[in-house]
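Single-structure report; data block below.
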Amino acid sequence: FTDIIIVNEDSKNLNGLTHIHLPGGPTAYYKLTSVKLSKDIPNCGRPINVKPEVILNNFGTRLGQRVARMLGALFGARPDFKGRRVATFHNQRDFIFFRHHRYIFDGPEKANLQQLGPSFTLKLRWLMKGTFDTKSGEYEWIHKRREMDTSRKRFFL
């Protein structure tokens with residue numbers, strides 16, 4: 001295994017995701033919102049058992065590139081293009097949107113997307129060096145709401 005993902009829930013609502021990259025870290029904690037499971041998405045397709053292509057959009061800063069490498073490592077380095085499966089992580093205003101699609105060609109220049117689910121939104125809360133250790137672990141970055149959310153034009157990822 002290369003990663004461990006722990007999903008937190010409160011009253012049957014998913015609200016947090018801890019991502020631990022093995023063997024030596026880093027560890028990231030995300031706030032999890034707008035979760036739609038496959039059964040809640042209309043006309044949702046069934047995923048096939050192939051590695052998807054991974055698309056990482058708008059991770060421009062040093063912190064963003066570090067997070068993007070962690071997220072990209074979840075699916076492996078060698079995608080299977082014959083499966084036409086795509087996992088997209090799109091960063092917009094420090095929110096990371098995840099979508100999972102299959103693309104189908106309708107001609108030489110036209111393609112359609114079929115959502116496979118699930119879809120959700122992540123907001124990075126902290127990034128820690130090494131594996132998960134909240135007592136003596138060293139934090140690389142912590143989102144401090146009152147200090148950092150003062151400008152709508154400043155983004156960290």
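The values are calculated or read from the model by the stated rules, or taken from the named source; none is laboratory data. A quick note: this is a predicted structure, and the numbers were derived from the prediction, not measured. Methodologically, a virtual Cβ is constructed for each residue, glycine included, from the backbone with ideal geometry; neighbour enumeration extends over all protein chains shown. Each accessible area value is taken on the protein alone, full model and side chains, heavy atoms only, with ligands, DNA and RNA left out. Shrake-Rupley method; radii C 1.70, N 1.55, O 1.52, S 1.80 Å.
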Residue hits (region 80-102; without any contact (Cβ under 8 Å) to a residue 40 or more places away in the chain and under 26 Å from LEU32 (Cα atoms)) are ARG85, VAL86, ALA87, THR88, PHE89, HIS90, GLN92, PHE95, PHE97, PHE98, ARG99, HIS101
Restricting region 28-54 to residues that are in contact with a His (Cβ under 8 Å, 6 or more places away or on another chain) and not aromatic (Phe, Trp, Tyr), the one surrounded by the fewest Cβ atoms within 10 Å (Cβ to Cβ) turns out to be PRO47
Within region 104-157, restricting to residues that are modelled with pLDDT under 85 and among the basic types (Lys, Arg), the one that is most open to solvent (accessible area, probe 1.4 Å) is ARG146
Of the conditions (1) open to solvent by 40 Å² or more (accessible area, probe 1.4 Å); (2) hydrophobic (A, V, I, L, M, F, W, C); (3) in contact with a strand residue (DSSP E or B) (Cβ under 6 Å, 6 or more places away or on another chain), the single one that PHE89 does not satisfy is (1)
**Q.** Flag if PHE75 is open to solvent by 20 Å² or more (accessible area, probe 1.4 Å), among the hydrophobic types (A, V, I, L, M, F, W, C) and modelled with pLDDT of 90 or more
**A.** no
